Structure formats: structure tokens, C-alpha cells
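Read the structure below first, then the notes.
FYI, it's all coordinate maths here, none of it is from the lab. Worth saying up front: this structure is predicted, and the values here are computed from it rather than measured. When we count neighbours, we look across all protein chains shown, and the Cβ atoms used for this are built from the backbone with ideal geometry, even at glycine.
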Amino acid sequence: MKAYLLETGTLIEPFGDPVSSAFLGGETLSEAVSRALSKWDVKLEAVKTTNNVPLKGDYLVLPDTLFLTRRCVGEFLRSTSGLKKITRLAFLKGPFTEYSRPLTELDETGGKVLYDLFRVRGTELPRGMNWAQLKAFLAERSDPVALDPKPEIEVLPTARPGPPRQTLDLPRTTLLAADVRHWAHLVWINHQMPWVRLREHWEDHPGLKRAWRSRGSNPYKRARRLRVIGKNCDIHPTADIEGSIIGDKVTLGAFTSVRDSIIGPGVEVSEHTKFLRCVVGKKCHTLNDSYFIGCTFYPDSTLANVIIRNSVLGRRVFLTTGVMFWDEAIEGPVEVMHRGKPIDTGRWILGGCAGHECVLGTRAIFLPGRMVPNQTMIVMRPEEGLYKLPAAIEAEKPYIYNQGLLQPLEQSLPNWKPAELE
């Protein structure tokens, strides 16, 4: 069986890369989809129009923006077996469909969310159609086949608890599909990918599959106790690895912690560094005492920070400890730029994104949802260092940094009330 992948021309900003090269689960989107299909002996072929799609037969059609796991492909193929018509992948609406829903172009009908995976049987496709034309043609003639992922929900506390953002509900399922169009999708999908890839690995090994089942009733709690370690790794005895996949030739220094993460080949993790719910590209390396939560790092970056959360960094980025990607919205849900316009994500928790080959120096603070263009270089001015303190600082009185000095807020900005004091 074959699957025809139609190019949409979608680019992921700020990288400017085709969506097919988006970094998901330690590989590109196209690699991930091809691997999911090949599990069921489905060969993927990229085309620009329907001129290269057969007139008759039994095959799959999808755009290059669609992410699929192998279980999703398998369940869809089984559910549509024997149906001699056009069928379309759908999921029952719920926590799973809504987690990566913002900024997508998904259709919805009758409590079902429709994804752009079609199985074509008994219908001839017109020649010369691009993806937009083909989708309209197929959508009008297709019947949705709804799958129910039945995810376990892991309830995570947020960094700044309080209404309306006390917790983050993270769905855990290997039956996963997503429409990828924005860097924020890389954050949300990669939150789920370490658990998906770990589960797939253990299911591929019969003996390990039994070990998985013996760990209790909650699949996420079982996964936390398991790990996969690649070849020729140098792991310090004090390093802690939990529910993660470690690639080949990875170095983990003393007192490092890797939880619910994917660490690519050749990564060097220095002492006291922690990764939680992260996907780290090959040959990245960290400096000591860094902490990253829910982040996606493209390959070949240098990472150092006190704490970065829910953010994406491109290839060959140099990140210093003086940079802050603020991921906690205060006045309302986070807005991001999408196709030149600010769009409300509906999320209170979302960091930022830095393009390829950025050098992010000290004193750079980015508000939630901001993206930095490729090759941006930010350095500190000499006067930005705090050289002098007032002779006496009044307790419980706000001060502000200004031209190398700490000054009373009411003196520097008399009519401004910062968000920290809300």
C-alpha cells in the first residue's frame, strides 16, 4: 500500500523551514510520519499534485502538515478495512484533540475533530489538483471514521498557580495525530512524545512489554520507571534517568537529571543540569546547573540557563544564563504571531521561540509567545550591569533598574504599575 504526501508550502516561522523538517520526537516531521507508515508496510511518496497519484486503487492521501503516530495509522487502517469509499480520520473531541488544537486548520462536526488523512477507494481523483483543491474534493465526498484515544490525563501544577490556570492537563496516549503549522505546536506535541516513543520501544520487545505491564495500572506511572539508553554512553553514577530515551554516545555528568525526555545522540549534559519533558537534538551540550522544562531544542545548540520552560530553540543557538523566556501569562492568554497577525492561543502557559543560529546574551527578557528571528544576536551594554546600590533601601518599596542604578519606582516611572505587583 502507498501513501501520497502532498506538499502544502507551509513554513514554520521564525525558522523559515518547510513544515516537513519540523523537529518532533528527536526527528523531522517527515521522518516521523514515514516511520509510522512503514510499520504497517505503507510506503510514503511526496508529490506536488494529483498528477502522480493513481486513478484507481487503495491508498492514503495526506498533507505534509500532518503528524501521525504508528498506532494512529494502524487503528485507522483497521477501522477502514473493507470500506470501498473515501474515509477520513477523525477523533472524538476531548482533552487529546484540544491540547494541540490552537492555531490549526481542523474541521469539526458532530463532536468529532477531523484530520487530513484520507483513505481513497473506488473514486478517481481529478488530475492536476494541489493540496487545497484536493482537500476540498475529498472532504466533500468522505465519511469520517472516529477513533477514541482514551488518554490518561496527567494533571501538572503550573509554575504560577491560581485561577484560571491552576493546572495543566497533559493527555497521555500513543494514538496521536496533530496538524503542525506553528512553533507552538512543537512545544505541545513534544510534551507528549517522550512517553509515546518510550511506549513504542517497549511494545517492540516482548520481554520488556511484560515488564511494562507489571508496573501497575497507570501507564504513565509505569513509563516513569522505565528508560532506554543507547550505545557507548558515559553516564555518571549519580545521574538520574526516569521515563526517558537516551541516544548513543550521550554524556550525563554528575547529579544530572533526565525525566520524561528524549536526548539525542552525542548530547553532553553537564553537572547538575536537569531536563523535564524535553526533546533535545543531537550534539547539543549544556553548561553546569541548567534547568529546562517542556522545551524543544534543535540540534547543535549550546544551552545554559537557570530555568527555561515551554520554549523552542533552533539549530546552533547559543543560550546564556541571562536570557529569560517568560512563559506565565498574567493579564490574559498568550498571543503569538501567526501569518503576520497576533493570534490568541487560549493558553496561559507558553514560552518563546528563537530561530536558527541565534546568540542570546545577557539581559534579554522575552514576554510569553515571542519569537526571535534567525541569526539574532543580543549582547549586554556595559551600563546594563548594576554597579551601584542606594545607601539605604526601604523595605517593601519597589525599586527599578535604570542606567546601572537601582532607583525607586515612583521616581523613575511614577505612573507605572508592574505586573509583578498585581
Which one, 137, 118, 325, has the greatest fluctuation when you compute a Gaussian network model over the chain with C-alpha springs under 10 angstrom? 137
Pairs to check: 112/341; 112/282; 56/93; 48/150; 274/341; 48/85. Give those whose C-alpha atoms are more than 30 Å from each other in this structure. 112/282; 56/93; 48/150; 274/341
Cross-link reach from residue 417 to lysines, straight Cα distance under 20 Å and at least 8 residues apart if same chain, gives 397
Just need the relative contact order of the range 34-172 here, percent rounded to a whole number, with Cα pairs under 8 Å and 6+ apart. 30 percent
Could you give the distance between the Cα centres of the range 50-78 and the range 246-282, to the whole Å? 34 Å
Which percentage, to the nearest 5, of the DSSP beta bridges contained in the range 1-137 is antiparallel? 60 percent
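How would 49, 109 line up from fewest to most surrounding beta-carbon atoms within 10 angstrom?
Working: 49 15, 109 10.
Ascending Cβ contact count within 10 Å gives the list 109, 49.
Provide the packing ranking of 93-105, 72-84, i.e. peptides ordered by the mean count of other C-beta atoms within 10 Å per residue, highest first. Don't skip to the answer; put the middle values down first.
On the way: 93-105: 18.3, 72-84: 16.2.
Taking the mean over residues of other Cβ atoms within 10 Å, the ranking is 93-105, 72-84.
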Per the charge dipole of the range 1-57 (beta-carbon charges, Lys/Arg positive, Asp/Glu negative, Cα centre), the residue among 46, 21, 1 reaching farthest to the positive end is 1
For a protection proxy built on the mean count of beta-carbon atoms within 10 angstrom, sort 246-258, 179-191, 330-342 highest first, please. 179-191, 246-258, 330-342
Can you tell me the equivalent ellipsoid semi-axes for the chain? Use √(5λ) from the Cα gyration tensor, largest first, whole Å. 41, 26, 20
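Using a 10 Å cut-off on Cβ atoms, rank the peptides 55-66, 310-321 from the highest mean neighbour count down.
Ranked by mean Cβ neighbours within 10 Å, highest first: 310-321, 55-66.
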